[in-house]
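So the structure is just underneath, and the comments pick up after that.
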Amino acid sequence: MKMMEKSSVSPLSIPKEERPRERLIRYGPESLSDEALLSIILVSGVRGKNVTLLARELLERLDREKEVPQVKELSHLAGLGVSKACTVAAVLEMGRRKWAAGQRIRQPLDIYNHIRHYADRRQERFLCLSLNGAHEILATRIVTIGLVNKTIVHPREVYADPILDRASGIIVAHNHPSGNIQPSGEDNEITNRLKNAGDILGINFVDHLIFSETRYLSFREEGLL
């Protein structure tokens, strides 16, 4: 079960049973959006900025980072402060150490389950997953953030980090905020360009997923690769 949070709404105006902490207890952490999870970590907001709005601004910042940000960088966000920045950095680093890497991809559904929490973003996120030879995830990164319904990506941006990871393969994915998961002409074009670039680099282009909050389309599964 998943319900959307609205950052313009005060958390106190939400019925208690629908607040993030209560929903986490009742349905588990997987039922919450990234924004709601951050609001639990942050605990409270500051004067003029409730915790939900602070969580949204932090999420926007984190989506632009390739690695766990330093405390000094996080504390520059208005309303966060050193104490909350330390908490956020510690939680992110613990998660990275324990669970961020090592998951094995066996089918497109595994990919979708790994990245579907990005589906509620209002702009497209173009993601790249670096894989080792056993199709285990080495890293998951946001390559670009686009407009409401369009993102522009170049092969050099996609492959730069997987090369440093010594990746054997990559998977790319991007969300469609509209909910329509059918590939556009541009989606087909960038898929072909990335596949050709991977062939030159010797990095297997495994799949491209287009996804929404409730479903996905796999280029490989659909025979488009």
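The values are calculated or read from the model by the stated rules, or taken from the named source; none is laboratory data. Keep in mind the model is a prediction, meaning the values are calculated, not measured. Cβ sites come from the backbone with ideal geometry, for glycine too, and all protein chains shown count toward neighbours.
Structure notes:
- Which numbered condition PHE126 misses (of (1) touching a His at 6+ places or on another chain (Cβ under 9 Å); (2) more than 18 Å from THR191 (Cα to Cα)): (2)
- The set of residues from region 126-146 being more than 20 Å from GLY95 (Cα to Cα) and buried (at least 20 other Cβ atoms within 10 Å of the Cβ) comprises just one member, PHE126.
- Filtered residues of region 20-62 (kept if under 15 Å from the mean Cα position of the chain (by Cα) and assigned to a loop (DSSP other than H, G, I, E, B)): LEU32, SER33
- Every residue from region 63-82 that is basic (Lys, Arg) and either part of a loop (DSSP other than H, G, I, E, B) or closer than 16 Å to ILE142 by Cβ (or both): ARG64, LYS66
- Scanning region 63-80 for residues that are touching a Leu at 6+ places or on another chain (Cβ under 9 Å) and in contact (Cβ under 8 Å) with a residue 24 or more places away in the chain returns VAL68, ALA78, GLY79, LEU80.
- Residues of region 147-180 that are crowded, with 17+ Cβ neighbours inside 10 Å, over 26 Å from GLY133 (Cβ atoms) and free of Cβ contacts under 8 Å to residues at least 40 places away in the same chain: THR151 alone.
- Neighbours by Cβ (under 8 Å, 6+ apart or cross-chain): first from region 20-36, surrounded by 18 or more Cβ atoms within 10 Å (Cβ to Cβ); second among the small types (Gly, Ala, Ser): PRO20/ALA36; PRO20/SER39; ARG23/SER31; ARG23/ALA36; GLU35/SER7; GLU35/ALA55; ALA36/ALA55
- Test for ASP63: is it surrounded by fewer than 20 Cβ atoms within 10 Å (Cβ to Cβ) and assigned by TED's automatic domain parsing to the domain that holds ILE210: no
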